[in-house]
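Any read-out appearing in this document is the output of simple, stated calculations on the displayed coordinates, not a laboratory observation. Computed from a prediction, not measured in an experiment: that's the story for all the values here. Virtual Cβ from ideal backbone geometry, glycine too; neighbours counted across all protein chains shown.
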Protein chains: 2
Amino acid sequence: MSSDATRSASPVEQWGVFETALRGPAEGNPFTDVTFSAVFRQGERAFPVTGFYDGDGVYRLRFMPDATGEWHYETRGNRPELDGRSGTFTALAPSAGNHGPVRVRDSFHFIHADGTPFIPFGTTCYAWIHQSGALQRQTLQTLAGAPFNKLRMCILPKWYPFNHVEPERYPFEGTPPRQWDFARFNPAFFRHLDTCVADLCTLGIEADLILFHPYDEDRFGFHREHCEVHWGFDRMGEANDDRYLRYVIARYAAYRNVWWSLANEWDFVKPKQPSDWLRLGGIIQAEDPHRRLASIHNGGCDFDHAQPWITHCSLQKPHTDGARAYRDRYRKPVIYDECHYEGNIPQSWGNLTAEKMVAQFWSAWINGAYCGHGETYLAPDEVLWWSKGGVLRGRSPACLAFMKTLLADAPSNGAPMNPPYWETWGVPDEYYLVHLHEQQPAKWKIRLSGDNARFKASLIDPWAMTIAPLGEFHGDAELDLPPGRTHLVLRFVRVHHTH
Amino acid sequence: MSSDATRSASPVEQWGVFETALRGPAEGNPFTDVTFSAVFRQGERAFPVTGFYDGDGVYRLRFMPDATGEWHYETRGNRPELDGRSGTFTALAPSAGNHGPVRVRDSFHFIHADGTPFIPFGTTCYAWIHQSGALQRQTLQTLAGAPFNKLRMCILPKWYPFNHVEPERYPFEGTPPRQWDFARFNPAFFRHLDTCVADLCTLGIEADLILFHPYDEDRFGFHREHCEVHWGFDRMGEANDDRYLRYVIARYAAYRNVWWSLANEWDFVKPKQPSDWLRLGGIIQAEDPHRRLASIHNGGCDFDHAQPWITHCSLQKPHTDGARAYRDRYRKPVIYDECHYEGNIPQSWGNLTAEKMVAQFWSAWINGAYCGHGETYLAPDEVLWWSKGGVLRGRSPACLAFMKTLLADAPSNGAPMNPPYWETWGVPDEYYLVHLHEQQPAKWKIRLSGDNARFKASLIDPWAMTIAPLGEFHGDAELDLPPGRTHLVLRFVRVHHTH
């Protein structure tokens with residue numbers, strides 16, 4: 001290989017997606033016959049990256065440079081035109097709004113690579129990419145005006161109550177409902193998903209990509225107790241599952257806003273065994289060169305979050321006050337990605353009041369965890385935000401925006417406190433947030449600090465979205481609280497005098 | 001012993017307390033020097049009963065005949081005047097209102113010995129017996145008009161926030177605060193407790209007697225983080241603990257309304273180890289001839305409810321929807337004796353709204369458990385119902401009375417149902433109760449039965465205490481529900497036509 005053969009590509013920004021394409025064979029089955037990869041290097045650092053076939057004889061490599069400066073790569077492949085090719089490109093300083101990927105900070109929290117805090121305020125639109133173009137555009141428009149910075153979304157289409165629409169595109173070659181060649185991906189489907197992930201990135205939203213899920217059955221009977229396979233994407237078998245997962249990693253790991261959610265409701269995916277999830281998790285661990293955040297979300301049974309590829313506990317629970325047990329056991333961040341949704345559908349998980357949805361977020365936070373939103377209001381067109389996207393009708397998003405703004409001011413080293421600080425989060429002697437749940441104390445006592453430092457007290461109403469000053473306190477403080485109000489939050493911020 | 005020496009006593013009613021007294025030594029320490037017991041017999045059945053010293057040279061035996069007819073007893077003692085004495089008495093049919101002791105029914109429920117159902121609606125007045133006579137009379141008066149049929153109450157006095165009153169009587173001879181002869185009981189204290197237990201029995205209230213508790217410390221500092229022993233009844237040592245427990249069993253086991261609660265917040269009693277609780281539980285098992293209901297109540301850590309002397313799980317939890325795990329594990333009834341209290345005190349466990357207190361009961365019931373009430377409203381005189389008794393100020397008791405009446409009509413073989421019946425309790429094809437928690441479904445679907453039986457549907461508002469008929473439904477029913485209301489209950493009762 002001469003240095004002339006080294007391609008010099010246009011610069012990309014740090015944490016942006018560098019992409020290059022090579023032409024290779026289009027005959028046979030390129031998805032199974034052809035191997036194609038590269039090693040990306042900067043100085044001593046090397047990142048092995050798997051390429052992917054994108055149809056029409058085009059083979060692509062995607063890579064996210066995690067530092068500015070010169071980068072070099074060299075390919076390997078089992079076809080001459082894909083082997084031993086090399087190239088260079090330059091990574092420039094990130095543009096405004098590009099804070100880099102999100103990583104775990106201090107065991108229980110998240111932070112962008114550039115040091116910008118990331119406090120997850122997630123929402124859920126499981127099947128938004130499978131809806132009409134107009135509806136997808138509306139979803140993005142809604143997200144642009146909403147407080148959410150993380151979106152749970154399925155790659156595989158969803159067949160479920162309120163979700164009986166055949167999508168425009170399928171991830172595999174074939175004919176719906178059940179004639180699929182699982183060994184051949186549909187590039188058009190994935191090119192569309194590329195755009196969706198990139199659009200979310202532009203909006204500053206992390207794409208929590210759900211890789212497998214159990215929503216692939218026709219269910220009959222009033223309570224849907226009899227079921228038949230719909231597409232069968234939940235039971236493709238080990239070889240097809242593994243190939244699909246490797247393809248998704250090769251294609252999406254370079255997007256800085258991608259998180260892996262190995263499954264939604266892993267224990268409800270009947271055709272899979274725990275050993276399958278361990279094997280699939282091992283593939284993520286081995287093959288994601290960018291080490292994206294990764295989790296697995298439960299139905300009724302907790303997964304073993306100690307697995308090394310799991311970066312945080314992604315939980316479904318009806319209550320959000322139990323995070324300490326998960327923190328203590330796993331020493332990882334805890335996100336209640338699902339804790340029922342605001343809405344009014346008959347299903348027990350989809351008819352919380354807006355007040356309760358907001359309270360779930362506060363309860364999670366005070367106990368050292370994060371929370372996720374969803375919305376399920378009945379609509380004649382069956383477009384429910386939780387799955388199809390569209391517009392938000394509920395009253396919780398405004399309150400969550402208020403909460404998000406408020407927490408942006410909270411100290412980054414805050415933590416749930418121990419008795420005698422009940423339901424209190426903060427930093428001893430500096431900052432306290434107390435969540436009063438469905439409590440109505442007439443008086444509240446708190447020891448603000450051992451010395452005589454003064455604290456500004458505020459009464460926060462997360463529902464009315466008001467912050468009322470209560471005056472300054474010090475030492476052992478006792479406050480009178482208004483009667484008959486619940487879900488209030490008390491905040492005490494130490495006053496530092498500058499001279 | 002000649003048959004002339006056999007005393008013939010006045011008749012008592014079945015499940016009443018037969019009591020007889022003998023004179024014996026008053027010198028030395030009768031509590032430790034003298035042994036005194038009897039065997040009660042009817043036909044082939046024999047019940048060994050321990051007597052107790054009641055001061056002034058008087059030794060008593062108490063026994064509850066569990067069947068009508070002739071009973072005979074013969075004493076044993078290590079003093080001639082207490083040994084080999086025999087007697088007979090007749091047990092008559094029980095009077096109205098005497099339904100016999102409460103027993104476990106069908107693993108998870110309770111029933112009186114005469115077959116009358118017992119659905120626990122407990123409340124809590126921990127230290128009511130230690131208050132002034134006037135206050136105790138007021139407590140009994142309040143209980144007479146309240147829906148509660150079980151009362152959690154401590155035998156040993158309580159020293160705790162809102163509880164810094166030295167009682168009129170102490171269980172041991174000595175001088176407060178810490179000069180006690182634990183080897184000598186104070187008969188006046190226990191004669192008073194006899195009356196209290198009997199008064200509750202007259203009101204049809206089970207006395208859940210708490211035998212040990214951790215509330216015996218002077219706590220200093222704003223958050224009471226420094227503590228000193230107050231009376232020391234929580235750290236009397238093994239021999240004194242055992243003697244006290246045996247004395248209480250000898251004295252109270254014959255009362256049909258007595259339940260044993262070995263401890264309140266067992267894990268907060270710092271001077272005791274798990275092995276102490278196992279030993280003390282073993283004493284209950286070995287020495288209670290009447291096999292009263294027995295439990296042990298937790299602070300933060302569950303006890304092992306599999307112990308053979310434990311008849312039911314007595315829990316403290318902030319949520320009451322987790323009973324199924326306890327039912328499945330222990331196959332015993334579950335009572336959330338403490339799930340926070342209605343009130344407005346600063347302590348996090350004492351400021352629930354009345355609505356939430358009521359919802360705790362419903363949530364427990366729907367999941368196959370029972371619940372307990374408590375009330376902690378600030379009062380200038382520091383008389384809070386939860387501990388001292390007095391009057392009830394809250395709004396939950398009326399709603400609990402409504403609930404109790406409503407459940408008296410529910411089928412005795414009802415149970416929490418499995419998906420797709422979420423948060424539903426009932427009997428398949430016969431009766432369903434659905435608790436909607438903080439949910440606001442606009443529509444609700446339920447499969448009422450496979451055949452065409454008709455069901456009367458009602459919308460129950462546990463807070464407004466209304467039952468609104470919704471009409472008749474059958475098969476796969478779909479109901480429209482009023483918007484914006486929470487904590488509603490739906491009831492479906494099968495219509496049986498008689499010809």
Exercise for the section: Sequence neighbours fewer than 8 away in the same chain don't count; with that in mind, list the lysines whose C-alpha is under 21 Å from A:Lys332. Expected result: A:Lys150, A:Lys317
Problem - DSSP beta bridges in the protein assembly as shown [antiparallel fraction, %, rounded to 5] - result: 70 percent
Completion exercise
Shortest first and in nm, the label-point separations between B:Pro483 and its counterparts in the other identical copies (7 Å out along Cα→Cβ) come to 3.3
Exercise for the section: Kindly work out what percent of the DSSP beta bridges joining two residues of the range A:102-408 are antiparallel, to the nearest 5. Expected result: 35 percent
Practice task
Restrict the search to the range B:68-129; then list the GluC sites (Glu not before Pro) that DSSP places in a loop and that have at most 11 other Cβ atoms within 10 Å of their Cβ.
Solution key: none
Exercise for the section: Calculate how steeply helix A:187-202 sits against the longest principal axis of the alpha-carbon atoms of chain A, using the helix alpha-carbon long axis, and give the answer as 0 to 90 degrees to the nearest 10. Expected result: 30 degrees
Handout entry: Zone of A:Ala183's modelled label, taken as backbone nitrogen in the range A:31-47 under 19 Å from a point 7 Å along Cα→Cβ
Key = A:31-36
Exercise for the section: Find which of B:Gly368, B:Ser295, A:Val248 sits farthest along the positive direction of the dipole of the protein assembly as shown, computed with +1 on the beta-carbon of Lys and Arg, -1 on that of Asp and Glu, about the Cα centre. Expected result: B:Gly368
Handout entry: the range B:328-360 versus the range A:16-77: alpha-carbon centroid distance in Å
Key = 59 Å
Fill in the blank from the handout: Phi angles of the range A:339-349, converted by Karplus (6.51 cos²θ - 1.76 cosθ + 1.60, θ = phi - 60°) into ³J(HN,Hα) in whole Hz with x for Gly and Pro, give 9, 6, 10, 5, x, 8, 7, x, 4, 4, 8
Problem - Principal axis dimensions, largest first and in whole angstrom, of chain A by Cα - result: 77, 64, 40
Practice task
Give the angle, between 0 and 90 degrees and rounded to the nearest 10, that separates the Cα long axis of helix A:238-252 from the longest principal axis of the Cα atoms of chain A.
Solution key: 80 degrees
Practice task
Report the extension gain between B:Asn418 and B:Val58 in nm, rounded to one decimal, defined as 0.36 nm multiplied by the number of residues separating them, less their alpha carbon distance.
Solution key: 123.8 nm
Problem - Dimensions in Å of the protein assembly as shown - Rg and Dmax from alpha carbons - result: 34.3, 127
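Could you state the orientation-averaged shadow area of the convex hull built on the Cα atoms of the range B:387-441, in nm² to one decimal? The partial results should precede the final answer.
Details: hull surface 24.4 nm².
Across all orientations, the range B:387-441 yields a mean hull projection of 6.1 nm².
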Fill in the blank from the handout: The pairs in B:Lys356/B:Lys443; A:Lys272/B:Lys456; A:Lys404/A:Lys443; A:Lys388/B:Lys443 lying past 31 Å Cα-Cα in this model are A:Lys272/B:Lys456
Problem - Bins of 5 Å, starting at 0 and running to the largest distance - Cα pair percent for the range B:3-92 - result: 3, 15, 27, 24, 16, 10, 4, 1
Problem - Stokes-Einstein diffusion coefficient of the range B:278-379, Kirkwood radius over Cα pairs, 37 °C, 0.692 mPa s, in µm²/s - result: 226 µm²/s
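222 nm [θ] for chain A, helices only, -39500 (n - 2.57) per DSSP H run of 4+, per residue, to 500? Please list the in-between numbers first.
Working: 9 runs with 99 residues, N = 499.
Roughly -6000 deg cm²/dmol at 222 nm, from the helical runs in chain A.
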Handout entry: Cα-projected label distance for A:Asp429 with B:Ala198, points at 7 Å along beta-carbon direction, nm
Key = 6.1 nm
Handout entry: Nearest-ten-degree value, helix A:354-366 long axis tilted from longest Cα axis of chain A
Key = 90 degrees
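Any chance you could list the semi-axes, whole Å, largest first, of the equivalent ellipsoid that the Cα gyration tensor gives for the range B:423-494, using √(5λ)? Please report the intermediate quantities before stating the final value.
Numbers: eigenvalues 80, 28, 24 Å².
Working from the Cα gyration tensor, I get semi-axes of 20, 12, 11 Å.
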Problem - Shortest-first distances to equivalent copies, position A:Gln42, nm, label 7 Å out along Cβ - result: 8.9
Problem - In range of the label at B:Asp409: residues from the range B:433-476 whose backbone nitrogen is under 19 Å from the point 7 Å along Cα→Cβ - result: B:433-436, B:454-474
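Within the range B:183-267, list the trypsin sites (Lys or Arg not before Pro) lying in a DSSP loop whose Cβ has at most 16 other Cβ atoms in a 10 Å radius. Please list the in-between numbers first.
Values: sites: B:Arg184, B:Arg191, B:Arg219, B:Arg224, B:Arg235, B:Arg243, B:Arg246, B:Arg251, B:Arg256; in loops: B:Arg224, B:Arg235, B:Arg256.
Of the trypsin sites (Lys or Arg not before Pro), the ones in loops of the range B:183-267 whose Cβ has at most 16 other Cβ atoms within 10 Å are B:Arg224, B:Arg235.
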Exercise for the section: Shortest first and in nm with one decimal, please list how far the A:Cys301 label point sits from its counterparts in the other copies (point 7 Å along Cα→Cβ). Expected result: 2.8
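Give a quick list of trypsin sites (Lys or Arg not before Pro) in the range B:263-370 that DSSP marks as loop, anything other than H, G, I, E or B, with at most 15 other Cβ atoms within 10 Å. Kindly include the intermediate steps, with their values, before the conclusion.
Details: sites: B:Lys272, B:Arg279, B:Arg291, B:Arg292, B:Arg324, B:Arg327, B:Arg329, B:Arg331, B:Lys356; in loops: B:Lys272, B:Arg291, B:Arg292, B:Arg331.
In loop regions of the range B:263-370 (DSSP not H, G, I, E or B), the sparsely surrounded trypsin sites (Lys or Arg not before Pro) are B:Arg291, B:Arg331.
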Exercise for the section: Find, among the residues of chain B, the one whose Cβ sits nearest the axis of the rotation taking B to A; state the distance in whole Å. Expected result: B:His319, 3
Problem - Compactness relative to 2.2 N^0.38 Å, alpha carbon Rg of the range B:73-175 - result: 1.54
